[in-house]
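Undergrad: To start, I am sharing the structure in question, which I have written as structure tokens.
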Amino acid sequence: MIAVEFILSGMLAAATPFLLAALGELVGERAGVLNLGVEGLMALGAAVAFIIVYHGGGHALAFAGAGLAGALLSLLFAFAALGLQANQVAAGLAIGILGQGLSALFGKTYESLTVKGLPKLSVPGLADLPVVGGLFVQDPVVWLSLAATPAIWATFAFTKTGLLLRAVGENPKAAHSIGYPVIAIRVAAVAFGGLMSGFAGAYAATVYTPLWADGMIAGRGWIALALVVFGTWLTLRIFWGACLFGAVSLAGLAAQAGGVELPSQLLASMPYLVTIVVLGVISSNRRLLKLNGVASLGEPFKP
Amino acid sequence: MAAPLLSLRGISKRYGEVRANQAVDIDVAPRSIHAILGENGAGKSTLMKLIYGVETPDSGEMLWQGVPLKLASPAAARRRGIGMVFQHFSLFETLTVIENIRLVVPGQTRALIARIRELGTEFGLEVDPHAHVHELSVGERQRVEIIRCLMTDPKLLILDEPTSVLPPQSVDKLFDTLLRLRDGGVSVLFISHKLEEIRAICDRATILSAGKVTGHVDPREHDAHDLARMMIGRDMPEPPPRTPSEPGETMLELIGLTYTPDDPFGMPLKDVALTLRAGEILGIAGISGNGQAELSELISGEIRLPFENREQVQMMGEPVGHLGPAERRQLGFAFVPEDRLGRGAVQGMSLARNSLLTAHPLGLVRHGLIAMAQATEFTRRCIADHDVRTSGAEAEASGLSGGNLQKFIVGREMMLAPKLFFLAQPTWGVDIGAATAIRQKLVALRNEGVAILVISEEIDELFDICDRIQVLSQGRLSPSLETRETRPEDIGRYMIGAGAAA
């Protein structure tokens with residue numbers, strides 16, 4: 001029972017870095033751009049945010065700085081992949097490596113230093129419930145990313161902006177022929193993805209584990225990418241995928257604490273395995289993939 | 001003629017070495033249905049892209065109601081009142097009709113839906129605003145495109161080959177819509193290569209040949225021969241003569257072929273039956289999307305049936321439903337797929353290497369190694385025998401025009417000396433010269449006793465070469481119709497699924 005409480009109360013915070021990065025990547029991919037640099041964008045955001053908080057800039061400024069850094073670096077990707085029509089896979093990988101390098105460079109003198117995280121806000125009444133009460137005690141960023149999920153879902157479902165992003169991703173030629181600036185729309189989508197990745201990195205480094213260590217993003221960016229694909233480009237599935245990942249990683253910790261005799265490497269790899277298997281099974285429905293998949297994903301478009 | 005709505009003066013556009021348009025002059029009058037007539041590759045589509053702002057001309061001037069017109073984008077063209085319906089529609093398949101329209105037309109969804117319904121009744125363009133585009137037939141998609149244009153209140157509507165995707169009955173309906181639009185004050189630029197259509201509906205015609213204007217005429221005052229001479233420099237070629245022949249053994253038989261594709265956008269086939277014998281050409285008429293792709297892949301072997309259903313497809317008297325393409329080819333089957341670049345040939349490879357793809361059993365491979373000399377020799381023969389205009393066997397497939405590449409692919413398959421020859425859309429996007437050459441070769445092959453199956457959207461083509469025609473509509477195949485005793489309207493009735501009642 002204690003393990004369940006532990007998982008429920010920590011799951012959303014553990015999921016938040018994935019959720020933020022995956023939502024950003026979702027917007028870019030829906031517009032037809034595959035940005036594989038998420039890991040590096042998160043790393044850069046993490047370093048920028050940590051430095052700002054460490055020097056007393058506060059979390060709001062830290063998130064703004066991290067988001068801006070992520071957006072700027074992703075614009076460099078956009079320049080190569082959309083402006084020069086470079087191969088998106090290669091450009092994304094290159095930008096990812098650049099981001100990780102910059103992160104290591106900026107963070108070099110901050111190794112092993114810590115900062116103060118954020119206080120938690122609880123929902124009055126609900127927070128006192130037995131077992132599930134922990135779900136309603138979260139830091140403000142978790143609450144904001146919980147709000148971002150339906151907001152992005154509704155943007156795709158109901159707004160002209162969402163319609164335009166989907167249109168550009170499905171058939172850029174047709175979008176161009178009816179007069180939409182395909183490249184500009186894609187650049188904006190990519191910049192939004194960079195912004196969200198920067199936020200995700202900032203959350204990981206200054207709220208979730210407010211301690212600087214080089215390489216602290218530890219593959220979270222790649223999982224975020226996998227969540228988008230296995231979530232079949234559907235906002236709510238990506239949310240559940242991120243929650244699942246958070247829950248399973250906490251379950252591993254709970255199991256270790258409870259004295260379960262399993263190699264720690266296996267426990268550490270469980271969240272990756274479980275998430276991929278579950279989402280893999282869900283996304284094996286070809287009909288769903290065909291209906292929600294992005295037809296022009298990764299293909300360069302020349303107007 | 002009243003002051004022109006749109007004038008082009010000396011418009012030129014080139015792509016690399018190709019001069020798509022050279023010094024084109026056109027005047028489009030208000031309230032006119034103006035034809036742009038020319039064969040494939042004459043530069044019609046390029047010209048329309050220039051008028052609609054998709055491309056910008058290299059030189060020349062456009063005047064819109066007497067004022068110089070410079071268009072930076074299609075959006076700018078739409079603001080001036082120019083709308084365009086593309087040949088390959090610019091619709092988004094995963095979105096609904098209303099979503100597609102909202103992308104172009106501002107306004108509240110509810111008001112837009114009311115307007116869609118209103119235009120639908122006024123111009124005979126009924127369509128369900130909430131349907132997903134991928135569920136619609138091609139004719140319905142065209143209606144959506146036209147409605148989308150009309151909702152921006154255009155003064156000029158450009159239609160690129162609008163009838164090529166419609167059954168004959170729907171063509172009449174489209175013409176009725178266009179006439180109503182003209183009477184409502186809209187001018188129409190109507191692009192086509194079909195002479196009779198232009199004579200039926202257009203009051204002006206500009207004829208393009210190899211990028212240049214070769215005539216401005218009133219099409220109602222000229223017969224098809226005159227128009228053809230202006231378009232291709234000579235009369236339309238006569239259909240190839242078919243010698244009467246006694247059909248031989250059955251080479252292909254489909255018995256109760258039923259198949260449901262995995263693809264949610266695919267068309268299931270229901271109880272398809274046909275019999276094709278040596279020495280005859282059987283045509284499958286119908287609009288693409290009615291099961292053509294599925295039927296073609298089931299015959300070629302790209303889709304295999306489960307072993308217990310293998311009898312549903314029989315070639316040379318053997319059940320082959322469970323066999324793959326290579327095994328079917330070994331029995332004497334040859335196949336020309338509908339997409340030249342991708343399935344018929346590999347674009348980045350030389351013609352000699354493309355020969356290897358299907359002709360490898362003819363000694364082009366020895367001990368598992370490519371016999372390049374033989375492959376080149378084979379390719380040279382194919383180029384010479386089938387009049388493929390190219391620099392030689394080393395030319396890349398992507399460097400050939402559509403017509404020449406198609407002649408090469410058809411030639412390659414014919415050199416395999418098939419007993420059963422299957423072609424899907426053999427003359428799609430091919431110039432008249434190459435199309436005629438291909439049709440003549442097919443008839444000659446038939447006269448030699450080969451069994452030939454042709455899937456085509458071009459009804460005229462099927463009437464020219466086929467002994468019998470069957471119509472594929474909504475995944476069902478009509479009974480066999482003798483070409484001699486059938487009129488295009490009969491085919492059309494089956495195309496819209498009302499065959500039996502006729």
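Undergrad: Looking at region B:439-446, is at least one residue surrounded by 22 or more Cβ atoms within 10 Å (Cβ to Cβ) and outside any loop (DSSP other than H, G, I, E, B)?
TA: yes
Undergrad: Right, here's the next one. Under 9 Å between Cβ atoms, at least 6 apart or on separate chains: pull out the pairs that start in region B:85-110 with a residue that is of a type in the set (A, V, I, L, M) and assigned to a helix (DSSP H, G or I) and end on any residue that is modelled with pLDDT under 85 and open to solvent by 10 Å² or more (accessible area, probe 1.4 Å).
TA: B:Val97/B:Leu136; B:Val97/B:Glu140
Undergrad: Suppose we filter B:Glu396, B:Glu413 for residues that are crowded, with 16+ Cβ neighbours inside 10 Å and farther than 21 Å from B:Ala334 by Cα; which single one remains?
TA: B:Glu396
Undergrad: What number of residues within region B:251-262 are free of Cβ contacts under 8 Å to residues at least 60 places away in the same chain and open to solvent by 50 Å² or more (accessible area, probe 1.4 Å)?
TA: Qualifying residue count, region B:251-262: 4.
Undergrad: If you don't mind, another one. For B:Asp460, only one of the following conditions fails: (1) in the same structural domain as B:Ile491 (by TED's automatic domain parsing); (2) more than 24 Å from B:Arg277 (Cα to Cα); (3) surrounded by fewer than 19 Cβ atoms within 10 Å (Cβ to Cβ). What is its number?
TA: (2)
Undergrad: If you don't mind, there's one more thing I want to ask. Looking at (1) within 14 Å of another protein chain (Cβ to nearest Cβ); (2) over 24 Å from the mean Cα position of the chain (by Cα); (3) at pLDDT below 90, which one does B:Val54 not meet, given that it meets all the others?
TA: Going through (1) within 14 Å of another protein chain (Cβ to nearest Cβ); (2) over 24 Å from the mean Cα position of the chain (by Cα); (3) at pLDDT below 90 one by one, B:Val54 breaks only (2).
Undergrad: Within region B:270-288, how many residues turn out to be buried (at least 20 other Cβ atoms within 10 Å of the Cβ) and either small (Gly, Ala, Ser) or within 14 Å of B:Glu327 (Cβ to Cβ) (or both)?
TA: Of the residues in region B:270-288, 5 are buried (at least 20 other Cβ atoms within 10 Å of the Cβ) and either small (Gly, Ala, Ser) or within 14 Å of B:Glu327 (Cβ to Cβ) (or both).
Undergrad: Can you name the residue in region A:114-134 that is in a helix (DSSP H, G or I) and surrounded by fewer than 19 Cβ atoms within 10 Å (Cβ to Cβ) and, of all such residues, is farthest from the other protein chains (Cβ to nearest Cβ)?
TA: Taking region A:114-134 first, the residues in a helix (DSSP H, G or I) are A:126-128, A:132-134.
Next, only the ones that are surrounded by fewer than 19 Cβ atoms within 10 Å (Cβ to Cβ) stay: A:126-128, A:132-133.
On the way: A:Leu126: 37, A:Ala127: 41, A:Asp128: 44, A:Val132: 38, A:Gly133: 42 Å.
Top of the filtered list is A:Asp128.
Undergrad: Take the conditions over 20 Å from the mean Cα position of the chain (by Cα), crowded, with 16+ Cβ neighbours inside 10 Å and of a type outside the set (A, V, I, L, M, F, W, C) and apply them to B:Gly184. Does it pass? Give the derivation first.
TA: On the way: over 20 Å from the mean Cα position of the chain (by Cα): yes; crowded, with 16+ Cβ neighbours inside 10 Å: no; of a type outside the set (A, V, I, L, M, F, W, C): yes.
For B:Gly184, the condition - over 20 Å from the mean Cα position of the chain (by Cα), crowded, with 16+ Cβ neighbours inside 10 Å and of a type outside the set (A, V, I, L, M, F, W, C) - is not met.
Undergrad: While we're on this one: Looking at B:Met230, B:Met267, which is the one that is out of contact with any Leu (no Cβ under 6 Å at 6 or more places or on another chain) and under 25 Å from A:Leu288 (Cβ atoms)?
TA: Exactly one of B:Met230, B:Met267 is out of contact with any Leu (no Cβ under 6 Å at 6 or more places or on another chain) and under 25 Å from A:Leu288 (Cβ atoms), namely B:Met267.
Undergrad: Does region B:128-141 contain any residue that is surrounded by fewer than 17 Cβ atoms within 10 Å (Cβ to Cβ), more than 27 Å from the chain's Cα centre (by Cα), part of a helix (DSSP H, G or I) and within 12 Å of chain A (Cβ to nearest Cβ)?
TA: No, every residue in region B:128-141 fails to be surrounded by fewer than 17 Cβ atoms within 10 Å (Cβ to Cβ), more than 27 Å from the chain's Cα centre (by Cα), part of a helix (DSSP H, G or I) and within 12 Å of chain A (Cβ to nearest Cβ).
Undergrad: What number of residues within region A:256-302 are away from chain B (no Cβ under 14 Å), assigned to a helix (DSSP H, G or I) and surrounded by 13 or more Cβ atoms within 10 Å (Cβ to Cβ)?
TA: Matching residues across region A:256-302 total 12.
Undergrad: Starting from region A:212-226, keep only residues that are on the phi < 0 side of the Ramachandran plot, then list their pairs with residues that are open to solvent by 40 Å² or more (accessible area, probe 1.4 Å) and assigned to a loop (DSSP other than H, G, I, E, B) whose Cβ atoms are within a distance under 6 Å, requiring at least 6 positions of separation or different chains.
TA: Here the result reads A:Trp212/A:Leu113, each pair linking region A:212-226 to a residue that is open to solvent by 40 Å² or more (accessible area, probe 1.4 Å) and assigned to a loop (DSSP other than H, G, I, E, B).
Undergrad: Might you check whether a residue that is in contact with a Pro (Cβ under 8 Å, 6 or more places away or on another chain), among the aliphatic types (A, V, I, L, M) and touching a residue at least 12 places away in the same chain (Cβ under 8 Å) occurs anywhere in region B:403-413?
TA: Yes.
Undergrad: Which residue out of A:Thr149, A:Thr206 is more than 11 Å from chain B (Cβ to nearest Cβ), part of a helix (DSSP H, G or I) and touching a His at 6+ places or on another chain (Cβ under 9 Å)? Walk me through it before giving the result.
TA: Numbers: A:Thr149 fails: touching a His at 6+ places or on another chain (Cβ under 9 Å).
Unique residue meeting the criteria: A:Thr206.
Undergrad: Follow-up. Can you tell me which residue among B:Leu369, B:Leu341, B:Leu362 is without any contact (Cβ under 8 Å) to a residue 40 or more places away in the chain and of a type in the set (A, V, I, L, M)?
TA: B:Leu369
Undergrad: Only helices (runs of 4 or more DSSP H) wholly contained in region B:290-381 count here; list those with 1 or more residues that are under 14 Å from B:Phe408 (Cα atoms) and open to solvent by less than 10 Å² (accessible area, probe 1.4 Å).
TA: Of the helices (runs of 4 or more DSSP H) lying wholly inside region B:290-381, those with at least 1 residues that are under 14 Å from B:Phe408 (Cα atoms) and open to solvent by less than 10 Å² (accessible area, probe 1.4 Å) span B:351-359.
Undergrad: In region A:68-88, what count of residues is obtained for those that are open to solvent by 50 Å² or more (accessible area, probe 1.4 Å) and at pLDDT below 95?
TA: 3
Undergrad: Then there is this: In region B:64-110, what residues are more than 8 Å from chain A (Cβ to nearest Cβ), more than 30 Å from A:Lys290 (Cβ to Cβ) and open to solvent by 20 Å² or more (accessible area, probe 1.4 Å)?
TA: Listed by number, the residues that qualify are B:Gln65, B:Gly66, B:Val67, B:Pro68, B:Lys70, B:Ala72, B:Arg79, B:Arg80, B:Pro106, B:Gly107, B:Gln108, B:Arg110.
Undergrad: Does B:Asp387 satisfy being among the charged types (D, E, K, R), within 22 Å of the chain's Cα centre (by Cα) and surrounded by fewer than 21 Cβ atoms within 10 Å (Cβ to Cβ)? Step through it out loud before you land on a result.
TA: On the way: among the charged types (D, E, K, R): yes; within 22 Å of the chain's Cα centre (by Cα): no; surrounded by fewer than 21 Cβ atoms within 10 Å (Cβ to Cβ): yes.
The answer is no for B:Asp387.
Undergrad: Which residues, taken from region B:111-121, are open to solvent by 20 Å² or more (accessible area, probe 1.4 Å) and either touching a residue at least 24 places away in the same chain (Cβ under 8 Å) or outside the structural domain of B:Cys149 (by TED's automatic domain parsing) (or both)?
TA: Residue satisfying the conditions is B:Arg115 alone.
Undergrad: Here is a further query. Which one of these does A:Thr232 not meet: (1) within 16 Å of the chain's Cα centre (by Cα); (2) in contact (Cβ under 8 Å) with a residue 12 or more places away in the chain; (3) within 25 Å of A:Gly99 (Cβ to Cβ); (4) part of a loop (DSSP other than H, G, I, E, B)?
TA: Checking A:Thr232 against (1) within 16 Å of the chain's Cα centre (by Cα); (2) in contact (Cβ under 8 Å) with a residue 12 or more places away in the chain; (3) within 25 Å of A:Gly99 (Cβ to Cβ); (4) part of a loop (DSSP other than H, G, I, E, B), the one that fails is (3).
Undergrad: Still on this model: Within region A:174-199, how many residues are among the hydrophobic types (A, V, I, L, M, F, W, C) and either within 12 Å of the chain's Cα centre (by Cα) or within 14 Å of chain B (Cβ to nearest Cβ) (or both)?
TA: Selection size over region A:174-199: 11.
Undergrad: A further question follows. Just a yes or no: is a residue in region B:147-159 open to solvent by 30 Å² or more (accessible area, probe 1.4 Å) and assigned to a helix (DSSP H, G or I)?
TA: no
Undergrad: If you take the residues of region B:416-438 that are surrounded by 21 or more Cβ atoms within 10 Å (Cβ to Cβ), at pLDDT 90 or above and among the hydrophobic types (A, V, I, L, M, F, W, C), which of them is nearest to the chain's Cα centre (by Cα)?
TA: Selected residue: B:Ala424.
The values are calculated or read from the model by the stated rules, or taken from the named source; none is laboratory data. These figures come from a predicted structure and were not determined experimentally. Reconstructed Cβ throughout: ideal geometry from the backbone, glycine too, with neighbour counts over all protein chains shown. Each accessible area value is taken on the protein alone, full model and side chains, heavy atoms only, with ligands, DNA and RNA left out. Shrake-Rupley method; radii C 1.70, N 1.55, O 1.52, S 1.80 Å.
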